[in-house]
Structure formats: C-alpha cells, structure tokens
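Taking it in order: structure first as structure tokens, then the write-up.
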Amino acid sequence: MLKKLAITASILALMSGTALAQTSTTNPRPTTGQPVTTAPASSGRWLASTVYKADIYDASDNKIGTINDLVMDGSGNITTAVVGVGGFLGMGQKDVAVPFGDLKISAREGKNWFVLDRTKDQLQAALPFDKQAALATSSKTGRSVATTPSSLSANPWLASEIYRADIYDQADNKIGVVDDLVMNDSGQITTAVIGVGGFLGMGEKNVAVPFSDLKVAAREGKERFILDRSKDQLKAAPSFDKKAAVTEKM
C-alpha cells in the first residue's frame, strides 16, 4: 500500500512539474483586450539601457526572446538586434540576428512592448549570431585600430562594447563612463550620455556629448574610447536629463 502511494505521489509530482514548465515557457504578455497600436521600434527616441535585455513577444503575446545586444555601424546606425532565445534564466541561450527594422512596438496598458513577427521555433531554427562576421573582426587580430584617436566610423560595433565603457581624455586620463546611449527616431545613436564624478557610479553627473565626438585608439593591445574634453569641462557642462530626452519607455 505504501509503495503504491509513493508511486502515485511521484507521478503527480512529475505531472505538476511538467505543467509548471509548460506554463513558464509560454510566459504570455499581460492583456486586457484594450486596443493595441503598433509602430516600428525606430519611431521614437530610446535609451540603449531601455532596449538592452528587453523581452520580445510574438503576435500572440507569447514571450519568444530577449534583446541581448544591438549592432551598429560606425556612424551609430543600428542595423541588427541580437536576440537570445531558449535557455533558462539567460543560461544556455542561443543568440540570433534579427534586422532592427523588423522589431515593432506595441502600446498596451500604457506601456511599450517589443513585438517580432516570428515564432519561438523560427528563432530557435535560425543560424546562430556570428559576432566576428558581424563586426568584421578576426579572432586572432581583432579590429585594426590606430594608436592615434580616430573615428568609430571605420568599424561596426556592439552597443555592449560602448555602454558602460570608460572614457579617457587625450592624455589617457580617465574622465568618465558611458552611462547610456540615446537613439533618435531614425534608429541612429546620436548622443553618448557620460557619467562624470561620483564614486563607484554613485553621485555621478550625467552630461551629453555627440556620439560622433567619441574616438577610439589602441592602447596596450586594447581599444580605448577617447573624448577631446577634460574632466573639468565635463563637470562644468549642463546636466543631462535622460527621462526628458526620450519619448519611449518600457
């Protein structure tokens, strides 16, 4: 009798676990039946920190992936969204490339949601994102970057390479950190938000500089972002209000 009860309990536990797994992988978006408006993701001004790690849903409101990165050309034009699909809590995810123009924004319940006209199965069946091919780099040599500060426009970049990167002046003194990037309504990064001062990110003052003012130079075998400003000049610049600068929020 006890053996039968134990077997029955095991079967029920297994069935419950299976049902829970099926429910958690579907992860539907909240709905209220209210009208939904959809527009291209590039139809407003965004912060890179808002887009980074944002969830993506299919046309049936099921979560199908997460934006793990953005690929931009050297002029800041975002060309590709790197979407993570599958896995659990970010582990075991497969990254696939999706044209940034394919992402849409769905407005519902006063919030914005990223929508993609793909199924999760279609994303999982897509070829893995090839970082080296996307950035035109070699695993052995990396980018060809001069030792003198030069424009970023010679190479494509991942937003994650620039977001939270240290910024140096012409004399190689650290003067700030890229706190965020602002994208305009054409899908182009126009502004770098630089955090200056403070300690360990606390008490920083945010100031805005044109994205085109950022330069890159090779230092000790690594790429370093250079800005032709002094730390005092950044501290004296007007504070930048990120909330007031953007039109779209998640």
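Annotations for the structure displayed:
- Residues in segment 99-135 that are in contact with a strand residue (DSSP E or B) (Cβ under 6 Å, 6 or more places away or on another chain) and under 14 Å from Asp55 (Cβ atoms): Leu103, Lys104, Ile105, Ser106, Asn112, Trp113, Phe114, Val115, Leu116, Lys120, Leu123.
- Remark: pairs (first residue in segment 102-131, in contact (Cβ under 8 Å) with a residue 40 or more places away in the chain; second residue surrounded by fewer than 17 Cβ atoms within 10 Å (Cβ to Cβ) and small (Gly, Ala, Ser); Cβ separation under 7 Å; 6+ apart in sequence or on different chains) = Lys104/Ala39; Ile105/Ala39; Ile105/Ser43; Val115/Ala59; Asp117/Ala59.
- Pairs where the first residue, in segment 52-81, is closer than 24 Å to Val209 by Cα and the second is surrounded by fewer than 17 Cβ atoms within 10 Å (Cβ to Cβ) and of a type in the set (A, V, I, L, M, F, W, C), C-beta under 7 Å, 6+ apart: Gly74/Ala154
- Residue within segment 78-88 that is within 16 Å of Glu161 (Cβ to Cβ), surrounded by fewer than 16 Cβ atoms within 10 Å (Cβ to Cβ) and either in the same structural domain as Leu152 (by TED's automatic domain parsing) or not aromatic (Phe, Trp, Tyr) (or both) present: yes
- Breaking point among (1) surrounded by fewer than 18 Cβ atoms within 10 Å (Cβ to Cβ); (2) within 20 Å of Pro149 (Cα to Cα), for Lys242: (2)
- Scanning segment 95-133 for residues that are in contact with a Leu (Cβ under 8 Å, 6 or more places away or on another chain), within 18 Å of Met183 (Cβ to Cβ) and not hydrophobic (A, V, I, L, M, F, W, C) yields Asp102, Lys104.
- Checking every residue in segment 118-136 against the condition of being modelled with pLDDT of 80 or more, surrounded by 14 or more Cβ atoms within 10 Å (Cβ to Cβ) and under 30 Å from Arg229 (Cα atoms) gives at least one match.
- Qualifying residue in segment 173-190 (condition: over 21 Å from the mean Cα position of the chain (by Cα), surrounded by 13 or more Cβ atoms within 10 Å (Cβ to Cβ) and either farther than 30 Å from Ile105 by Cβ or not aliphatic (A, V, I, L, M) (or both)): yes
- Out of Pro30, Pro40, sole residue that is at pLDDT below 55 and either more than 14 Å from the chain's Cα centre (by Cα) or surrounded by fewer than 17 Cβ atoms within 10 Å (Cβ to Cβ) (or both): Pro30
- Of the criteria (1) in contact with a strand residue (DSSP E or B) (Cβ under 6 Å, 6 or more places away or on another chain); (2) acidic (Asp, Glu); (3) loosely packed, with under 13 Cβ neighbours inside 10 Å, which one Asp169 fails: (3)
The values are calculated or read from the model by the stated rules, or taken from the named source; none is laboratory data. Because the structure is a prediction, the values reported are computed rather than measured. All Cβ positions, even for glycine, are placed from backbone atoms using ideal geometry, and neighbour counts span all protein chains on display.
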